[in-house]
Amino acid sequence: RKSSLPIFIKCEELLPLDELTFLKNLTIRLLEEYGKIRKISAVKTSFEELFQKTQIGLEIADFTFWLKFGERKITVKEALDKSFELINKIAFKSQKKVIIFLDEFQELFSFGDQFLWALRAKIASSKASFVVSSSWHRFKEELINEKRPFFNFFETYEIKAVPREDARKYLLKRARKFNLKFEALVLDKILDVSECKPFYLQLLALKCYILSLPRKIVTPDIFEQALKETIN
């Protein structure tokens, strides 16, 4: 819609080695979007080059702040505050409803609850709307665990069963990536038991992979053990 401004962000592409690195890379991504609004050439990732592009329309104080990233002179709280200030500026300048899609959101779970609670508070008060997604089963566990920061925070939707052939292709593609092999009929058993529902499909396949180490061959016995530890 013309009244909306979607911003797609793949968390795994931001290389979130730590909170500050994630926020630095998030900021660069947001500045790229801000640059599109101001109709200037694409913002480059070099902070020196970024500083020279004063026509972006941000205050000089913003540039001074972002330059400090390279010297690690700022705190995570300061970086988080500034990142969400920039999101609000994008919403104000664009005069559109900003919708930020954070894909592979589970990449942030390793940062610890203190950061996640702060992130939750920022998302709750932001002028933008947020959509988070993940293909990993741990994502759902985080959202339904009452002790975790994002418990009951997002409206949750689970993708229902996918066509059997698509599920088979997906499993084989993932298996090739990790050099995982299935003995005869095991793959069909996984598809049958999971009913090709993505959450159960991935949960069962992941458990099979873990139990198959180090050989990485899923036998019928390994499948039965995985089934016992997960879905049953």
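The values are calculated or read from the model by the stated rules, or taken from the named source; none is laboratory data. Because the structure is a prediction, the values reported are computed rather than measured. In this analysis, Cβ positions are derived from the backbone assuming ideal geometry, glycine residues included, and neighbour counts consider all displayed protein chains. Side chains included, ligands, DNA and RNA excluded: accessible areas come from the protein's heavy atoms. Shrake-Rupley method; radii C 1.70, N 1.55, O 1.52, S 1.80 Å.
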Options Leu108, Leu143: the member that is modelled with pLDDT of 85 or more and either under 14 Å from the mean Cα position of the chain (by Cα) or on the phi < 0 side of the Ramachandran plot (or both):
Leu108
Looking at Leu102, Leu119, Leu67, Leu80, which one is at pLDDT below 85 and either open to solvent by less than 50 Å² (accessible area, probe 1.4 Å) or among the hydrophobic types (A, V, I, L, M, F, W, C) (or both)?
Leu67
Being surrounded by 12 or more Cβ atoms within 10 Å (Cβ to Cβ) and either outside any helix (DSSP H, G or I) or at pLDDT below 75 (or both) is the filter here; which residues of segment 15-33 pass it?
Leu15, Pro16, Asp18
If you go through Glu141, Glu146, the only one that is open to solvent by 70 Å² or more (accessible area, probe 1.4 Å), part of a helix (DSSP H, G or I) and among the acidic types (Asp, Glu) is Glu141
Does segment 206-215 contain at least one residue that is touching a His at 6+ places or on another chain (Cβ under 9 Å), assigned to a helix (DSSP H, G or I) and not polar (S, T, N, Q)?
yes
List, please: which pairs have Cβ atoms under 8 Å, are six or more places apart or on different chains, and start with a residue in segment 75-100 that is among the acidic types (Asp, Glu) and end with one that is open to solvent by less than 40 Å² (accessible area, probe 1.4 Å)?
Glu78/Phe65
Arg176 vs. criteria part of a loop (DSSP other than H, G, I, E, B), of a type in the set (Lys, Arg) and within 26 Å of Lys10 (Cβ to Cβ):
no
